[in-house]
Structures are given as structure tokens and as C-alpha cells.
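Novice: Take this structure, written in C-alpha cells, and hold onto it; I'll ask about it next.
The values are calculated or read from the model by the stated rules, or taken from the named source; none is laboratory data. In this text the structure is predicted, and so the values were computed from the model without any measurement. A quick note on method: Cβ atoms are made from the backbone with ideal geometry, for glycine too, and the neighbour counts reach across all protein chains shown.
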Amino acid sequence: MPAARRQARPAPRPVRRRTLAVEVADSLRDMILTGELTAEQRMTQDELATLLGVSTMPVREALLRLAAEGFVEVSPSRSFSVVPTTREDVHDVFWMHATLAAELTRRACAKGDPALAARLRDIEACFAAARGAGDPAQLGAVNWEFHQAINEAAGAPKLLRVLRSTLRFIPQGFYALVPEWSGASEQGHEAIVRAFEDGDPDTAAHAAETHVQEAGEILIRFFTGRGAWTRPDGA
């Protein structure tokens, strides 16, 4: 019998470095989420290129990316308008984030790794030190390290990818500048670490879910007070 033909496999997509268009998209996304660019505001690619100090090509690519994500609408005249983000939209994002974070935390804790529990305790000590020093940049970095350690330990790369996709709807780097956040975060981390030390996955998951939900409420109050997010009726 003739040898079975091997099924053709698609060529892998090339690995690309972070592009200028991605950086522009990140900047514009944060400007939208924090209210620097509002739903009533229309700007052209030329105006945005001047504002960001880049050419129009990465701006166009960034706007197409943001349009696909639902942040902007692009008109044939090369202008764009911001799609309004409501408080309910942000609540939905944090609900999804909290649900995914809880499951990742449950799986990580269920592995019963004492080295991970010890590492989380050390990271939390660094967070407390950064809070005492009043260092916003370090707070953000250590917070990322804390959650990254848990998420990577869960051993669920596809679930982690979905969680990371929710982060694009949350202003990046602003947590550490919100006055309430660091204290609430330290308490949330402590509850998570204790659950890891006790080997209690359900309690760890609940602590992680509560922690993310509280962070969301704090962020929503802060940016709503600055007029960044509206109610569905526009109020």
C-alpha cells in the first residue's frame, strides 16, 4: 500500500517584536480609558500623530486595532470618534477578570507548593516596603510580580491568555496613583498569601476574586470622579 500522505501543516506565523503601532494603540487606549480622549471628541490621524510625535502610519494601524477592540469608530474622512465606555462596561470587565483570577489562583494553590507560598510572602513584604516608601512605580511592579507568580503557577496558559486580554480594558499603570488602592491591595494580598500557606484553594480563590473586585470598585470611583466613564444613559 502506498504510504499515507502527511497532512499539510500551515507554516507558523513569524514572531514579531513589539511595534510602534502597538505602543501607539496602548497610549491611545489609556487616553480613552482615563478620559483624556472623550466620546464627544473627534480627531484626525494627523492630529494624533502630532500629539504623539509619530508618523501617521502607526497611528492608522493603531486606530484599526482599537476599532477592532471596540474603542473607536473610524470614518472614511480619516477622523475617528471614541466609543463611550460606561461604568457598567468596566464592571463587566472586572467581573470577568475577577472570575478568571479566582480560578487561576485556585489551581495554583491546589498544587500545594510551599516554595510558591514562601515566594508570595516575600513579594508581599516587598509590596509593604514600597507602600511605606511611597514609591508608586515600585508598587505597580511588585503588584504585577505577585499576580504573575500565581498565574504562571496555575499551569493554564490558555486561561491566562484570556485573562490578559481583559487587561486592555483597564488603564495601565494607574493603580499605584489611586490613593485607596495600595492599602486595599495589601490587605487582599495578605488574605491570598494566608490561604496559600494554609493550603486552602477555595479560600485563596475567594480572596483573589474579592481582591480584584475591590480594586475595580476603587478604580471606577476614582475615574468616574474625574468624568472618565459615563452611565449608559450618558449621565
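Novice: Could you say which residue among ARG168, ARG161 is outside the structural domain of ALA67 (by TED's automatic domain parsing) and in contact with a Lys or Arg (Cβ under 8 Å, 6 or more places away or on another chain)?
Specialist: After applying the criteria, what remains is ARG168.
Novice: So which of ARG65, ARG119, ARG131 is buried (at least 16 other Cβ atoms within 10 Å of the Cβ) and farther than 24 Å from ARG164 by Cα?
Specialist: Criteria check complete, one pass: ARG131.
Novice: Next question. Give all pairs with beta carbons closer than 6 Å in which a residue from region 57-75 that is without any contact (Cβ under 8 Å) to a residue 40 or more places away in the chain meets a residue that is surrounded by 20 or more Cβ atoms within 10 Å (Cβ to Cβ) and in a helix (DSSP H, G or I); count only pairs at least 6 apart in sequence or on separate chains.
Specialist: Taking only residues 6 or more apart or on different chains, the pairs are PRO58/VAL24; VAL59/VAL24; VAL59/LEU48; VAL74/LEU63.
Novice: How about region 142-164: which of its residues are among the aliphatic types (A, V, I, L, M) and outside any helix (DSSP H, G or I)?
Specialist: Listed by number, the residues that qualify are ALA154, ALA156.
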